[in-house]
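Enquirer: Quick one: the structure is below, and I'll ask about it shortly.
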Amino acid sequence: MSELLRVAVVTPYYKESPQTLRRCIESVRGQTHPHVVHYLVADGFPQRELMADWPQVRHIELPHAHANYGCTPRGIGALCALADDVDIVSFLDADNLFLPEHVASVVQAVEQQRARGAQLDAVFASRHLFLPGHEHLRLEASGEGVGSPFVDTSCISLTRSAGFLWGVWCRIPRSLTPACDRIMCSLMRHHQLKVMWTQQPTVLYESNWRRTYLQAGLEPPEHGLHDHTLLNVGEGLTPEELWGLLRVQQAPGNTAPAVAERTGVRT
């Protein structure tokens, strides 16, 4: 039965507004799947007053900020969930939301494969984009979907059979953290994870990218865009150094994964 599977949702947060965090928390609380535990990990700036209103949320406070795009708090939250024996971990960035059926669709994918005698390591959802102040928008994320080499962080769920990857977010070198989801996708391909797409856009992604404003027919703002974060991704790292930091387990017959191909970043 689907209700037997316990799902953790891990959300790192840094300096997001209380309104943004509340929106995120409410989206997790509104999940139709009955066994969901939300882990919020404060990256050096805990909002204790806000969290007092959400006693069911597991709040983890890191003593100082790592400011690495949520990678360290995300990995720590995932490892705590792993230690708490949850079956699946889903990742949700603080400025994004899950639609109510998101977790249920992930669980359904895992259970369908189990009924066929197969084990899934990862489940990927699709996403719609919206812009700050334009929450009603549902823009297509072009170039993504089944077969795409890129999956956004908030669209990734991992099962316990991929538990060796849950905490790898912590080990991504700082110069690569702006593209951390691309690094994780490369590692998942390298380790030949068994993956299934829900083919449902159950993630709402708040976009601060110039191309999304243009897609919506709106003038991009002069400040607050994220495009600059991808300018020097991976700079100063050799493939050998990168593999030394990220190696988890060597898949038979495989060499180092191509995570140093400048991560295939598109702006």
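All of the numbers you see were taken from the coordinates with simple rules; none came from a lab. Every value quoted in this text rests on a predicted model; they were computed, and no experiment measured them. Here the Cβ is made from the backbone with ideal geometry for all residues, glycine too, and neighbour counts use every protein chain on show.
Enquirer: If the viscosity is 1.567 mPa s and the temperature 4 °C, what translational diffusion coefficient in µm²/s does Stokes-Einstein give for the stretch 2-264 when Rh comes from Kirkwood over Cα pairs? Kindly include the intermediate steps, with their values, before the conclusion.
Expert: Details: Rh = 18.8 Å.
For these conditions, the coefficient is 69 µm²/s.
Enquirer: Under unit Cβ charges (Lys, Arg +1; Asp, Glu -1), what dipole magnitude, rounded to 20 debye, does the stretch 2-264 have relative to its Cα centre?
Expert: Here the size comes out at about 500 debye.
Enquirer: Looking at 5, 154, 34, which one has the Cα that reaches farthest to the positive end of the dipole of the stretch 2-264 (charges on Cβ: Lys, Arg +1; Asp, Glu -1)?
Expert: Checked the options; the winner is 5.
Enquirer: Based on Cβ point charges of +1 for Lys and Arg and -1 for Asp and Glu, what charge dipole magnitude is obtained for the stretch 11-133 about its Cα centre, in debye rounded to the nearest 20?
Expert: On the way: 10 positive and 14 negative charges, 33 e Å.
Here the stretch 11-133 has a charge dipole of around 160 debye.
Enquirer: Would you list 24, 80 from fewest to most Cβ contacts within 10 Å?
Expert: 80, 24
Enquirer: Just subtract the alpha-carbon distance of residue 142 and residue 53 from 0.36 nm times their residue separation and send over the number in nm, one decimal.
Expert: Full extension of this stretch gives 28.3 nm more.
Enquirer: Grab the Cα-Cα distance for residue 247 and residue 171, subtract it from 0.36 nm times how many residues apart they are, and report the gain in nm with one decimal.
Expert: So the extension gain works out to 26.4 nm.
Enquirer: When the Kirkwood radius is taken over all Cα pairs of the stretch 38-159, what Stokes-Einstein diffusion coefficient follows at 37 °C and 0.692 mPa s, in µm²/s?
Expert: 201
Enquirer: What does the helix-only formula give at 222 nm for the chain: each DSSP H stretch with n ≥ 4 adding -39500 (n - 2.57), the total divided by the residues, and the result rounded to the nearest 500 deg cm²/dmol?
Expert: -7500 deg cm²/dmol
Enquirer: To continue, here is another question. Along the positive direction of the dipole of the chain (beta-carbon charges: Lys, Arg +1; Asp, Glu -1; about the Cα centre), which of 225, 67, 186 reaches farthest?
Expert: With unit charges placed on the Cβ atoms, the residue in question is 186.
Enquirer: How large is ³J(HN,Hα), in whole Hz, for each residue of the stretch 145-160 in order, when computed from phi with the Karplus curve 6.51 cos²θ - 1.76 cosθ + 1.60 and θ = phi - 60°, using x for Gly and Pro?
Expert: Per residue, the Karplus-derived 3J(HN,Hα) values read x, 3, x, 6, x, 10, 10, 5, 3, 6, 9, 9, 10, 10, 8, 5 Hz.
Enquirer: FRET efficiency for residue 214 and residue 135, Cβ-Cβ distance as r, R0 = 30 Å, nearest 0.05?
Expert: Numbers: r = 19 Å, r/R0 = 0.63.
That pair, residue 214 with residue 135, gives E of 0.95.
Enquirer: Expected output is a single nm value to one decimal: the length gained when fully extending between residue 229 and residue 65, i.e. 0.36 nm times separation in residues minus the C-alpha distance. What is it?
Expert: Working it through step by step, the gained length comes to 57.2 nm.
Enquirer: Please give the peptides 102-109, 217-224 ranked by average Cβ packing (other Cβ atoms within 10 Å per residue), highest first, as a rough proxy for protection.
Expert: 102-109, 217-224
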